[in-house]
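Everything on this sheet refers to the single structure shown next.
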């Protein structure tokens, strides 16, 4: 499924869930409003059926008693008004929407009211009764019916009160249920959002991570890296384009290497012939030379030597990139350092540069390809001498480490220790006091043919392959190489970490060129 489709589906689901929750809340609010209206009507019914009606019946009894005694027509008129008001309000009550219990109680009250007949005429008939006892009996019968009606009216009020309490309880339960459902729905939507967001983020971050990793690999020259194209989304299209690009880059890189190798090899033979010819001329085999002729021939010989060195570096880099495995030996590391310094002494003396060597206090054995590590030391010393001012100093130091010092970044140390946990680490540094390297170029200087502006201006500059060769050699040894600023001032410090180093015991005597099986030296 495409990423855009996933996002649209996720948003559609969110909107649907939120819409359902909104509809539920709207219906709940409407229900609460309707319940409020019903409760208002119930309150009106309670008021009508309890207090006022109850008082009217009591007043009917009082006015009936007063009329039977005084025969005052005013009491009869008052009695008639109360009876009419009671009947009118009771009729209004009957027309309201009532619950079953209320309807049942009102039917009983209605029957009792109809049983009274016309209470006003009954009360008026008391005037025609001759004896006081007859009046008392009729009044007692009327009062008994009014008392019964009063009790029944109270029961209607109680029924209305109970109905209102039931509706209040129902409304409270509905509100509680709505709140609970809202919380559950909100938590459910939140959980679903987190899950869907995590899944979508994962479906995006994983291919992006692989694409980033692939870009980094290609930038390092690993053109055989391929991305997964089995997905059915936009990243699959990017992966197919990326794989096509890396295939073409691999072909171009192979063509370039073949071209460089072929040209370097083809140039090497005529260059050797030219150098031999110049050497014969300098030996004055064909005849004597003037001073000016000798100077020109020496300049040609030096230029040829530099060109021969450049071609050798091109051929060496081609062999390294071709995957030629190193010939691993257990070698005296300090002896390798001394050999490299001895080879660089002549170039250093030309410019009055002193090379300070700091060796370990005890013999150090390291498992490596000694010719290639010697080439790394030669390149680093040559680079340091080239950039140092006349009369300056270059310092070469070798140490054996079991723990990381503060000067080594944790990531560099972890990259080496992940390869060989059981052995120590050899730390080689070459320090100069040259112009230094900007932070933005500290990684780029290890790229093929790249030179800093200060490097392009230096005397006898090379082709820009020395540090690239160092990086490739150190890489095949599972080590790391990087450059840092000289903490003592201007200049740089080139650092090399190599795994597989051992401090030899005092009795160990292994020559630099000896080949010993890995793990056999005595260590402490």
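Here are the numbers for this structure:
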{"read-out": "All positions within segment 210-220 that are at pLDDT 80 or above, over 13 Å from residue 247 (Cα atoms) and either in the same structural domain as residue 243 (by TED's automatic domain parsing) or surrounded by 12 or more Cβ atoms within 10 Å (Cβ to Cβ) (or both)", "value": "210, 211, 213, 215, 217"}
{"read-out": "Selection count, segment 272-295, where residues are assigned to a loop (DSSP other than H, G, I, E, B) and touching a helix residue (DSSP H, G or I) at 6+ places or on another chain (Cβ under 8 Å)", "value": "2"}
{"read-out": "Qualifying residue in segment 96-112 (condition: free of Cβ contacts under 8 Å to residues at least 12 places away in the same chain, assigned by TED's automatic domain parsing to the domain that holds residue 51, part of a helix (DSSP H, G or I) and over 30 Å from residue 165 (Cα atoms))", "value": "no"}
{"read-out": "From the options 223, 235, residue that is in contact (Cβ under 8 Å) with a residue 12 or more places away in the chain, surrounded by 12 or more Cβ atoms within 10 Å (Cβ to Cβ) and closer than 28 Å to residue 472 by Cα", "value": "223"}
{"read-out": "Selected residue (only one of 124, 148, 141, 134 is assigned to a helix (DSSP H, G or I), over 60 Å from the mean Cα position of the chain (by Cα) and closer than 15 Å to residue 57 by Cβ)", "value": "148"}
{"read-out": "Lone qualifier among 260, 298 - being out of contact with any strand residue (DSSP E or B) (no Cβ under 9 Å at 6 or more places or on another chain), farther than 30 Å from residue 209 by Cα and either at pLDDT below 75 or outside any helix (DSSP H, G or I) (or both)", "value": "260"}
{"read-out": "Answer from 51, 84 - the residue that is closer than 30 Å to residue 139 by Cα, more than 60 Å from the chain's Cα centre (by Cα) and at pLDDT below 80", "value": "51"}
{"read-out": "Residue within segment 350-372 that is under 17 Å from residue 495 (Cα atoms), under 46 Å from the mean Cα position of the chain (by Cα) and assigned to a helix (DSSP H, G or I) present", "value": "yes"}
{"read-out": "Listing of helices (runs of 4 or more DSSP H) fully contained in segment 374-480 that carry 1 or more residues being modelled with pLDDT of 85 or more and under 15 Å from residue 496 (Cα atoms)", "value": "410-417, 466-476"}
{"read-out": "Some residue of segment 382-391 being farther than 26 Å from residue 465 by Cβ, in contact (Cβ under 8 Å) with a residue 12 or more places away in the chain and more than 41 Å from the chain's Cα centre (by Cα)", "value": "yes"}
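The values are calculated or read from the model by the stated rules, or taken from the named source; none is laboratory data. Here the structure is a predicted model, which is why all the values come from computation and not from measurement. Note that each Cβ is placed from the backbone with ideal geometry, even for glycine, and that neighbours are counted across all protein chains shown.
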